[in-house]
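One structure is given below, encoded as structure tokens.
Values in this text are rule-based calculations from the coordinates and carry no lab data. Remember, predicted model here, so these are calculated numbers, not experimental data. With ideal geometry, Cβ positions are generated from the backbone for all residues, glycine too; neighbour counts draw on all protein chains shown.
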Amino acid sequence: MANKPISEMGLPKSIANVFAARNIITAKDALSLSEFELMELLDVGFEEVMLAVAHISEITCPPYNTAMSLLEQRNQNEYLAGHLPTRLKGVDAALCGGIPFGVVTELVGPAGIGKTQFCLKLALLASLPTSYGGLGGRVIYVDVESKFSSRRMIEMGFSSFPEIFHTEGLAQEMAGRVLVLRPASLLSFVDSLQQIRVSLLQHHVKLLIIDSMAALTSGRIWPGTPRHHPLGWHISFIKSLAECCRIPVVVTNQVRSQVRDEASRYIFQVQSRTDTMEDPSKFDSHLVAALGIHWAHAVSIRLVLESRSGQRLIKIAKSSISPSVGFFFNITSSGISLLSDEGVEMMGPEANTIHCQGLI
């Protein structure tokens, strides 16, 4: 809006022509000068300048909102926003309904912790009929590491919803709603993005899963922050898919070891103000999300899956609507199952560290 031409702002022609004659063409040109500087330059009176500046400011600057008006807007748009319930009661309550539409949700954790199990259950839930609490649509599942298992997904269905999965033909129908893509490289993934976009619009797709983003760039992610993130363009495109199509987008991310040079950029992991990067043993964890800080800023919700003393834990590490809480869980025939719906509050660095102790 700063570069919007003054000639298009509806000012009286007399004053608009004066601005043009003095080579003050855009809103930025006008608002960069004080009222007295404009009076001198335009050779017009104070009141006329004040009215012109007020008019330009009103058009150029967005109106303010109160916290109450934002809350009312959110309540009005709640149906449009929507959520995909995970059927994990504690997690859904903390996320105000489940995995939200219109944003990117990330699952981070070490290999074997349960990320793909979580994704398979989400794919199942999205394809369920709406009468059973699902989204009643199709799912695009980008299976980068060939971990997708239709047999395991159907097993989850029979275990979680026996009353509907024993209906003849329903298991096959549900499996038919999940469209699996297996890109062999980052380049082939790029080629498939446009296809995904068309499919989202034309085939009643209700969920996009990418498992995993880190595997797409295997061999290209180095310790430290590269000048240009290898997934920079893809991050923006995936976010736009979530926003424009108003669907939940879930991506998985791997972990890697943190090197000493990264300590200053992961300063939230220091236990006390006296800790420094010279003593890496004082950091809560040596594991970090593989795709780095740039990618972390792109996701709206980050769920970390980790192991502590032989127990699996899923925690909400990043969310604008939820506190940092964690839930211990097991993996059963029906998928991820919480040991308790009561979350454990994660304080300070505990929300962001990634542990891998005694399980995998």
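Express in nm, to one decimal, how much length is gained between residue 3 and residue 96 on full extension, taking 0.36 nm for each residue of separation and deducting their alpha carbon distance.
Extending this stretch completely gives an extra 29.5 nm.
Give the relative contact order (percent, whole number) for region 109-178; include only Cα pairs under 8 Å separated by 6+ residues.
31
Strictly over 21 Å apart at the Cα level, which of 206/318; 147/239; 89/315; 89/318 would you flag in this model? Walk me through the intermediate numbers first.
Details: 206/318 23 Å; 147/239 24 Å; 89/315 14 Å; 89/318 19 Å.
The pairs that break the limit, which is 21 Å between Cα atoms, are 206/318; 147/239.
Gain in length, residue 89 to residue 54, computed as 0.36 nm per residue apart minus the alpha-carbon separation, to one decimal in nm?
Stretched fully, the residue 89-residue 54 segment lengthens by 7.4 nm.
Using 0.36 nm times the number of residues separating residue 131 and residue 233, minus their current alpha carbon distance, what extension gain do you get?
Values: separation 102, 0.36 × 102 = 36.72 nm, distance 3.81 nm.
Between residue 131 and residue 233, full extension yields 32.9 nm more.
Calculate, for residue 246 and residue 308, the FRET efficiency according to 1/(1 + (r/R0)^6) with r their C-beta to C-beta distance and R0 30 Å; round to the nearest 0.05.
It comes out at approximately 0.25.
Once R0 is set to 35 Å, what does the formula 1/(1 + (r/R0)^6) return for the Cβ-Cβ distance between residue 172 and residue 194, expressed as a FRET efficiency to the nearest 0.05?
Details: r = 30 Å, r/R0 = 0.84.
After rounding to 0.05, the efficiency reads 0.75.
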